[in-house]
Amino acid sequence: MFLRRLGPDPHADGARTAAAQGCPDIFELENGDFAIIGIDITPEATRALPATANCGPDERIIRIPRQTLILAKRDIPDIP
């Protein structure tokens, strides 16, 4: 299912993250999609979505720290 982590391991070299039981993370899946571990902000964010956006009943809006995505950028593949 998980092909690889995008960006550095958030716990590398003994680093600690704000979440005691987990951490923000981004993974590429075997089928080419991505999985995000972050904080579920669906209840409060849904009300603030632009009119052209919607969050379906089986979807969640996930917040990750800016630094997590910036560090993963080098690992995100370009469009073929």
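The values are calculated or read from the model by the stated rules, or taken from the named source; none is laboratory data. As the structure is a prediction and not an experimental result, all values here were calculated from the model. When we count neighbours, we look across all protein chains shown, and the Cβ atoms used for this are built from the backbone with ideal geometry, even at glycine. Heavy atoms of the whole protein, side chains included, go into the accessibility calculation; ligands, DNA and RNA do not. Shrake-Rupley method; radii C 1.70, N 1.55, O 1.52, S 1.80 Å.
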- [ ] Would you be able to tell me the number of residues in segment 49-80 that are within 25 Å of D9 (Cα to Cα), under 16 Å from the mean Cα position of the chain (by Cα) and in a loop (DSSP other than H, G, I, E, B)?
- [x] 6
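Return the residues of segment 37-48 that are under 18 Å from the mean Cα position of the chain (by Cα) and assigned to a loop (DSSP other than H, G, I, E, B); say none if nothing qualifies. Walk me through it before giving the result.
Filtering segment 37-48 down to residues under 18 Å from the mean Cα position of the chain (by Cα) leaves 37-46.
Passing the criteria: G38, I41.
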Open item on the list: Anything in segment 10-36 that is modelled with pLDDT under 95 and more than 13 Å from the chain's Cα centre (by Cα)? List them, or say none.
Closed with: H11, A12, D13, G14, A15, R16, T17, A18, A19, A20, Q21, G32
Task: Total residues in segment 49-63, condition open to solvent by less than 80 Å² (accessible area, probe 1.4 Å), of a type in the set (A, V, I, L, M, F, W, C) and free of Cβ contacts under 8 Å to residues at least 24 places away in the same chain - done: 4
